[in-house]
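The values are calculated or read from the model by the stated rules, or taken from the named source; none is laboratory data. Here the structure is a predicted model, which means the values were calculated and not measured. Cβ placement follows ideal geometry from the backbone for every residue including glycine, while neighbour counts extend to all protein chains displayed.
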């Protein structure tokens, strides 16, 4: 038996890129029906019952929505370093119908959103991480897809980037985690995910794998569950940047009708407890109602560089670029220049980025080889 085969974690599960099989015993597939309904273009779906957490805050809680009590650490320094607003300003909600689902309503500063979006499109797509471009031979070894496309002003080519995997790499065909197929997990993203998980009740959370998905107006994510991980008690963390999405959250089988909710730029969705193995899907994107990634005092124009200073000091794609205190801010706020609209802002105005972080193994399990 070869070494790689021996080290594979063989778990049966549905990959996020494939639709699971139909329910048994001819039971109605209400998850699929909900997905097709909200994906429909003509006639468009009725969105009046989609839960909007912005409206919950402004007009009072929806009947299914409850406030969620966060665990805020005493020292807020790390929040500022990671591009987050002060935790006392955070708003968090849960769903009575889906215990374990928690929604943090945009805890990011505008500059923090631009920074993390920039990390996703500029720094992470490339070696040692894996992308859908690898099999297509579109990016030479050591190449930078973002720079490659921007140099040619080729926005359509930029859309060919669909996903990036970080840390333990998930194989979409075999639905396996291979312990020998691992790249260093970006340490700054690990800090962010650990801090967010701690605030919702998982102080020992260990980020080990992530999928960054890039959505465009024709993009959807079919109904699926995430159960290739060994540790099903640790939550899934899902960060959204850019355009909004209709998100469907069902039950443990496809026979339960899903609830629909909006995910907007900066929102953090947590799936834990009973919701950890719930079916979920993204049937459609929606235009953002406001540009949360841009400072409210400015318009989306050339009067602001829109570039977080932090992104300019990144030494490596998977290194920690948040070690300088109070550096996630606009260059123009510190006297820097800046002419023209930043390409990251342009990207966010056209697309959606989703960062899905997960813990693969129970904490302390001595099964893993040393980090490469």
Subject >> Selected residue (criterion: modelled with the lowest pLDDT) from residues of the range 20-54 that are surrounded by fewer than 15 Cβ atoms within 10 Å (Cβ to Cβ) and within 24 Å of residue 162 (Cβ to Cβ) >> reply: 21
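Only residues that are more than 20 Å from residue 202 (Cβ to Cβ) and touching a helix residue (DSSP H, G or I) at 6+ places or on another chain (Cβ under 9 Å): list them for the range 53-79, please. Before the answer, list the steps.
Filtering the range 53-79 down to residues more than 20 Å from residue 202 (Cβ to Cβ) leaves 53-65, 77.
Within the range 53-79, 62, 65 qualify.
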**OP:** For the range 171-195, name all the residues that are crowded, with 17+ Cβ neighbours inside 10 Å and part of a loop (DSSP other than H, G, I, E, B).
**Re:** 175, 183, 185, 186
**OP:** Determine which single condition residue 97 fails, assuming it passes every other condition in (1) surrounded by 17 or more Cβ atoms within 10 Å (Cβ to Cβ); (2) modelled with pLDDT of 95 or more.
**Re:** (1)
Original post:
For residue 155, are the conditions met, namely being in contact (Cβ under 8 Å) with a residue 12 or more places away in the chain, over 28 Å from residue 70 (Cα atoms), surrounded by fewer than 21 Cβ atoms within 10 Å (Cβ to Cβ) and under 15 Å from the mean Cα position of the chain (by Cα)?
Top reply: no
**OP:** Enumerate the pairs (first residue in the range 188-202 and more than 18 Å from residue 271 (Cβ to Cβ); second residue anywhere and at pLDDT 95 or above) with beta-carbon separation below 6 Å, excluding pairs fewer than 6 apart on the same chain, so at least 6 apart or on different chains.
**Re:** 190/207
Original post:
Are any residues in the range 226-250 under 26 Å from residue 203 (Cα atoms) and part of a loop (DSSP other than H, G, I, E, B), and if so, which ones?
Top reply: 226, 227, 228, 229, 230, 231, 232, 233, 234, 235
**OP:** Evaluate the following for residue 295: is it modelled with pLDDT of 50 or more and either farther than 28 Å from residue 191 by Cβ or over 18 Å from the mean Cα position of the chain (by Cα) (or both)?
**Re:** yes
Original post:
Any idea which of 126, 118 is surrounded by 15 or more Cβ atoms within 10 Å (Cβ to Cβ) and under 16 Å from residue 239 (Cβ atoms)?
Top reply: 118
**OP:** Kindly indicate whether any position in the range 143-156 is touching a helix residue (DSSP H, G or I) at 6+ places or on another chain (Cβ under 7 Å) and in a strand (DSSP E or B).
**Re:** no
Original post:
Mind checking whether some residue in the range 241-252 is surrounded by fewer than 20 Cβ atoms within 10 Å (Cβ to Cβ) and either without any contact (Cβ under 8 Å) to a residue 12 or more places away in the chain or farther than 30 Å from residue 34 by Cβ (or both)?
Top reply: no
**OP:** Could you pull out the residue among 258, 287, 283 that is under 25 Å from residue 46 (Cα atoms), surrounded by fewer than 19 Cβ atoms within 10 Å (Cβ to Cβ) and touching a residue at least 24 places away in the same chain (Cβ under 8 Å)?
**Re:** 287
Original post:
Does any residue of the range 157-168 turn out to be assigned to a helix (DSSP H, G or I) and farther than 30 Å from residue 229 by Cβ?
Top reply: yes
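Which is more than 26 Å from residue 249 (Cβ to Cβ), in contact (Cβ under 8 Å) with a residue 12 or more places away in the chain and either surrounded by fewer than 23 Cβ atoms within 10 Å (Cβ to Cβ) or under 17 Å from the mean Cα position of the chain (by Cα) (or both), of 110, 87? I'd like the intermediate steps shown before the answer.
Working: 87 fails: more than 26 Å from residue 249 (Cβ to Cβ).
That would be 110, the only listed residue that is more than 26 Å from residue 249 (Cβ to Cβ), in contact (Cβ under 8 Å) with a residue 12 or more places away in the chain and either surrounded by fewer than 23 Cβ atoms within 10 Å (Cβ to Cβ) or under 17 Å from the mean Cα position of the chain (by Cα) (or both).
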